[in-house]
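This report refers to the structure that appears directly beneath it.
The values are calculated or read from the model by the stated rules, or taken from the named source; none is laboratory data. Computed from a prediction, not measured in an experiment: that's the story for all the values here. Neighbour counts are summed over all protein chains in view; Cβ atoms, including those assigned to glycine, are modelled from backbone coordinates with ideal geometry.
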Amino acid sequence: MSVLQKCGQVLGVELLAQAVDDAKSNAKDNDITNCDFFVGRAEDILSSVMNRAVKGDILAVVDPPRAGLHHRALIHLRRAEKLSKLVFLSCDPKAAAKNFVDLSRPTSKTYHGAPLVPVRAVPVDMFPHTSHCELIVYLERVDLNQLGKTQPEQRSFYHNSSEGSTKHHTSSEEEIQLQC
């Protein structure tokens, strides 16, 4: 609910009708009017819900079950041209790995639309003293055709090395590290 006040429009999809009723009630109690919530399986209704978006630059947040996103939901996300950013919450990073690979694949007969590639990953230890760890992955849409046309200094990024200093890399280097 805290995100709702910072967004132009929020569209929520939930399998359980009670959860949708609770979300609507919370929005009403907090005087938030820029949101709509829908009951159904994401793989069945995601496309029609995303077509309701009035803005051209969509940031989606997905929190799939332990098994990961259903393949049809993943295909809908890849095809959604308005979708430029994705936050993927995973309670089982090993199970979600296939989803990350499929979201990042180059365009093909199965995977339409430019890929969504991981930009940052943050582990979240919600269960201390256990081996379980949640993972939040931020992905952005990348037009692979434009990568070669961009100057290297425009594609640069920074990351912290293990020594704590900041190193500068460009995407033309062979090794790209993503640190959590």
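Let me spell it out: the conditions are (1) within 22 Å of residue 140 (Cβ to Cβ); (2) touching a strand residue (DSSP E or B) at 6+ places or on another chain (Cβ under 9 Å); (3) at pLDDT 90 or above, and residue 79 meets all of them except one. Which number is the exception?
The one condition residue 79 does not meet is (2).
List, please: which pairs have Cβ atoms under 6 Å, are six or more places apart or on different chains, and start with a residue in segment 77-90 that is in the same structural domain as residue 122 (by TED's automatic domain parsing) and within 19 Å of residue 9 (Cα to Cα) and end with one that is at pLDDT 90 or above and of a type in the set (Phe, Trp, Tyr)?
Cβ pairs passing all conditions: 87/138.
How many residues are in a strand (DSSP E or B) and more than 14 Å from the chain's Cα centre (by Cα) when one looks only at segment 76-134?
Just the residues of segment 76-134 that are in a strand (DSSP E or B), to begin with: 83-90, 116-124, 134.
Then keep just the ones that are more than 14 Å from the chain's Cα centre (by Cα); that gives 123-124, 134.
Residues that pass the stated criteria total 3.
Do we find that residue 154 is out of contact with any Asp or Glu (no Cβ under 7 Å at 6 or more places or on another chain), assigned to a helix (DSSP H, G or I), at pLDDT below 95 and over 26 Å from residue 50 (Cα atoms) in this structure? Please lay out each step first, then the result.
Working: out of contact with any Asp or Glu (no Cβ under 7 Å at 6 or more places or on another chain): yes; assigned to a helix (DSSP H, G or I): yes; at pLDDT below 95: yes; over 26 Å from residue 50 (Cα atoms): yes.
Against the criterion (out of contact with any Asp or Glu (no Cβ under 7 Å at 6 or more places or on another chain), assigned to a helix (DSSP H, G or I), at pLDDT below 95 and over 26 Å from residue 50 (Cα atoms)), residue 154 qualifies.
When segment 1-52 is examined, which residues are found to be within 17 Å of residue 77 (Cα to Cα) and among the basic types (Lys, Arg)?
Within segment 1-52, 41, 52 meet the criteria.
Could you check, for segment 33-54, whether at least one of its residues is in a strand (DSSP E or B), of a type in the set (A, V, I, L, M) and surrounded by 12 or more Cβ atoms within 10 Å (Cβ to Cβ)? Step through it out loud before you land on a result.
In the first step, residues of segment 33-54 are kept if they are in a strand (DSSP E or B); the result is 35-39.
Imposing the further condition that a residue be of a type in the set (A, V, I, L, M) reduces the set to 39.
Right, trim to surrounded by 12 or more Cβ atoms within 10 Å (Cβ to Cβ) and you get 39.
For segment 33-54, residues in a strand (DSSP E or B), of a type in the set (A, V, I, L, M) and surrounded by 12 or more Cβ atoms within 10 Å (Cβ to Cβ): present.
Restricting the search to segment 96-120, which residues are of a type in the set (A, V, I, L, M, F, W, C) and over 18 Å from residue 61 (Cβ atoms)?
Let us first name the residues in segment 96-120 that are of a type in the set (A, V, I, L, M, F, W, C), namely 96-97, 100-101, 103, 114, 116-117, 119.
The answer is 97, 101, 114.
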